[in-house]
Protein chains: 2
Amino acid sequence: MAQNIYDQPAFFEGYSGLPRSVHGLAGAAEWESVRAVLPSLEGKRIVDLGCGFGWFARYAADEGAASVLGLDLSENMIARAKAETASPSVRYAIADLDHLELPESDFDFAYSSLAFHYIADFERLVRTLHAALATGASFVFTIEHPLYMAPSEPNWAEVGGRTVWPVDGYLVEGPRTTDWLAKGVVKYHRTLGTTLNALIAAGFAIRHVEEWRPSDAQLAEHPEWQVELNRPMFLLIACDRI
Amino acid sequence: MAQNIYDQPAFFEGYSGLPRSVHGLAGAAEWESVRAVLPSLEGKRIVDLGCGFGWFARYAADEGAASVLGLDLSENMIARAKAETASPSVRYAIADLDHLELPESDFDFAYSSLAFHYIADFERLVRTLHAALATGASFVFTIEHPLYMAPSEPNWAEVGGRTVWPVDGYLVEGPRTTDWLAKGVVKYHRTLGTTLNALIAAGFAIRHVEEWRPSDAQLAEHPEWQVELNRPMFLLIACDRI
């Protein structure tokens, strides 16, 4: 079973205080980039893998989705998602994405935000998802960028007067244990190539790959984000089920 | 016009001494990975963009290619390629890939090894190439990995007792001037996402993306290559013309 870090009180408390938890999609720096590659959600049967507090599920319902199934491992998150969702087209369920089972050809769109880096067996997940999507369906997800996740010490460093992201072990895939909001958070590093090849092997056509950077407007509003141009924090992938 | 660094005497002399120049394909560490994703070359009409000394052109002729057109900006390289090639199915020509023109639907396979990072306008190049390939043709190429090319100082550094690749400016695309074999070599950094999206926009389906790492056999033979696991030096992409 995947580590259920979100139900550890210290982590949950920390996560609940992040801008994206307080302000929802608009509080997520990468949201505008994600929205730009979403298909029309109107009339779609949608599954959201790692739905958290349900911000995207409610957005999709507002956009006219026929149905939204939000799945998350965290009981705390599902409880809050249910409490904050009124739309009858949205359902939530607790699910471990490492052991996901879904009905075949039951969805027109799959979405996931910053969840798959917690998954040990990505190949199994995308095969399951491919079977669960109807032909022509699309799939949009974000993960922590592998360049962000790979280093043994994922923190800025100073080298020769420059602020750099000190990369090591990028080509060594597998678990990474870091301290983020709580101690001992386990994530699974895969190269960008491995992620793309798993999607292609499962039967997805790659439509868009974006190594997220702050927009010029965001940099004007947050000059301290300039350092984020040194390496991507997020990876955004859009693909089509063929 | 692209910088013709290969015809500068110091660079050409240095390049001519590299293992890949002396031993050909077998002297290139990434060759086995490239060969693994090549289609059958038998009967194919092939264009090789940045053919250098013609090692791949002769390999393709030996594999039964119907024709091979090797293109390179360097007069020195084309001269040596011609001198070392006996096969009547191979032709060479001097060409600036930044202003490439090719006949439409005239090729079944396109190949390029470590040339496109010298190209300023990659989008134009892949559009031209898409038009020059027949439907169903494939395209395999390597470039310096953008992670290798991005930093302002692309050299190993020591941080906290670890050997790291100090990344900065990854999300700032554009020229990079480095000293490699000669001073002032100009390369053009694009993110991996930008490279893939340009291919997709031009009409290619991504088939394989590989961030090259030494094989276990290579690491056993060259223990000093262990450091190469910290970041990929090469990027290998295979795609299909749709």
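The values are calculated or read from the model by the stated rules, or taken from the named source; none is laboratory data. Note that the coordinates shown come from a computational prediction; the quantities given were computed from them, not determined experimentally. For neighbour counting, all protein chains shown are included, and Cβ atoms are generated from backbone atoms with ideal geometry for every residue, glycine included.
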Exercise. Out of the residues in the stretch A:125-152 that are aliphatic (A, V, I, L, M) and either touching a Pro at 6+ places or on another chain (Cβ under 7 Å) or surrounded by fewer than 21 Cβ atoms within 10 Å (Cβ to Cβ) (or both), which is farthest from A:TYR188 (Cα to Cα)?
Worked result: A:ALA134
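So for the stretch B:79-86 (the condition being within 17 Å of B:TYR118 (Cα to Cα), surrounded by fewer than 22 Cβ atoms within 10 Å (Cβ to Cβ) and not aromatic (Phe, Trp, Tyr)), does at least one residue qualify? Explain how you work it out, then say what you get.
Going residue by residue through the stretch B:79-86, those that are within 17 Å of B:TYR118 (Cα to Cα) are none.
So far as the stretch B:79-86 goes, no, none of its residues is within 17 Å of B:TYR118 (Cα to Cα), surrounded by fewer than 22 Cβ atoms within 10 Å (Cβ to Cβ) and not aromatic (Phe, Trp, Tyr).
Of the residues that make up the stretch B:82-91, is at least one within 18 Å of the chain's Cα centre (by Cα) and farther than 19 Å from B:ARG231 by Cα?
The answer is no, given that none of the residues of the stretch B:82-91 is within 18 Å of the chain's Cα centre (by Cα) and farther than 19 Å from B:ARG231 by Cα.
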Problem set entry | Lone qualifier among B:SER16, B:SER87 - being touching a Phe, Trp or Tyr at 6+ places or on another chain (Cβ under 9 Å) and among the polar types (S, T, N, Q) | B:SER16
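One line per residue, one yes/no per condition, for (1) more than 24 Å from A:ASP240 (Cβ to Cβ); (2) of a type outside the set (Lys, Arg):
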position: B:SER152; (1), (2): yes, yes
position: B:PRO166; (1), (2): yes, yes
position: B:GLY169; (1), (2): yes, yes
position: B:PRO175; (1), (2): yes, yes
position: B:THR178; (1), (2): yes, yes
position: B:ARG190; (1), (2): no, no
position: B:ALA202; (1), (2): no, yes
position: B:ARG207; (1), (2): no, no
position: B:PRO214; (1), (2): yes, yes
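Only residues that are within 10 Å of another protein chain (Cβ to nearest Cβ) and either buried (at least 20 other Cβ atoms within 10 Å of the Cβ) or charged (D, E, K, R) (or both): list them for the stretch A:215-232, please.
Of all residues in the stretch A:215-232, those within 10 Å of another protein chain (Cβ to nearest Cβ) come to A:227-232.
Scanning the stretch A:215-232 gives A:GLU228, A:ASN230, A:ARG231, A:PRO232.
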Problem set entry | Number of positions in the stretch A:147-188 that are under 25 Å from A:LEU18 (Cβ atoms), in contact with a His (Cβ under 8 Å, 6 or more places away or on another chain) and either part of a strand (DSSP E or B) or facing another protein chain (nearest Cβ under 10 Å) (or both) | 5
Problem set entry | Cβ-Cβ under 6 Å pairs, at least 6 apart or on other chains, the stretch A:121-138 side within 10 Å of A:LEU199 (Cα to Cα), far side in a helix (DSSP H, G or I) and among the small types (Gly, Ala, Ser) | A:PHE122/A:ALA198; A:GLU123/A:ALA198; A:VAL126/A:ALA198; A:VAL126/A:ALA202; A:ARG127/A:ALA202; A:HIS130/A:ALA202
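Does any residue of the stretch A:75-84 turn out to be touching a residue at least 60 places away in the same chain (Cβ under 8 Å), of a type in the set (D, E, K, R) and touching a helix residue (DSSP H, G or I) at 6+ places or on another chain (Cβ under 9 Å)?
Kept after step one, since they are touching a residue at least 60 places away in the same chain (Cβ under 8 Å), are these residues of the stretch A:75-84: A:75-77.
Remaining after also requiring of a type in the set (D, E, K, R): A:75.
Keeping just the survivors that are touching a helix residue (DSSP H, G or I) at 6+ places or on another chain (Cβ under 9 Å) gives A:75.
Yes, the stretch A:75-84 contains at least one residue that is touching a residue at least 60 places away in the same chain (Cβ under 8 Å), of a type in the set (D, E, K, R) and touching a helix residue (DSSP H, G or I) at 6+ places or on another chain (Cβ under 9 Å).
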Exercise. How many residues does the stretch A:195-208 hold that are in a helix (DSSP H, G or I), within 11 Å of chain B (Cβ to nearest Cβ) and either in contact (Cβ under 8 Å) with a residue 40 or more places away in the chain or out of contact with any Asp or Glu (no Cβ under 9 Å at 6 or more places or on another chain) (or both)?
Worked result: 6
Problem set entry | Test for A:GLU211: is it at the interface with chain B (Cβ under 9 Å from one of its Cβ atoms), within 25 Å of B:TYR148 (Cβ to Cβ) and among the charged types (D, E, K, R) | yes
Exercise. Which residue pairs have Cβ atoms under 6 Å apart, sit 6 or more places apart or on different chains, and have a first residue in the stretch B:34-48 that is hydrophobic (A, V, I, L, M, F, W, C) and a second that is in a helix (DSSP H, G or I) and modelled with pLDDT of 95 or more?
Worked result: B:LEU41/B:ALA60; B:ILE46/B:ALA60
Exercise. Identify, please: which residue in the stretch A:153-169 is farther than 20 Å from A:TRP225 by Cα and in contact with a Ser or Thr (Cβ under 7 Å, 6 or more places away or on another chain) and is, among those, surrounded by the fewest Cβ atoms within 10 Å (Cβ to Cβ)?
Worked result: A:GLY169
Exercise. Is at least one residue of the stretch B:135-152 over 23 Å from B:GLU228 (Cα atoms) and among the aromatic types (Phe, Trp, Tyr)?
Worked result: yes
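Considering only helices (runs of 4 or more DSSP H) fully contained in the stretch A:29-116, which possess at least 2 residues that are over 21 Å from A:ILE143 (Cα atoms)?
On the way: elements: A:31-37, A:55-62, A:75-84.
Here the list reads A:55-62, A:75-84.
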For this session: Please state which of the following conditions A:VAL164 fails to meet, knowing it meets all the rest: (1) touching a Phe, Trp or Tyr at 6+ places or on another chain (Cβ under 9 Å); (2) touching a residue at least 60 places away in the same chain (Cβ under 8 Å); (3) farther than 18 Å from B:VAL167 by Cβ.
Result: (3)
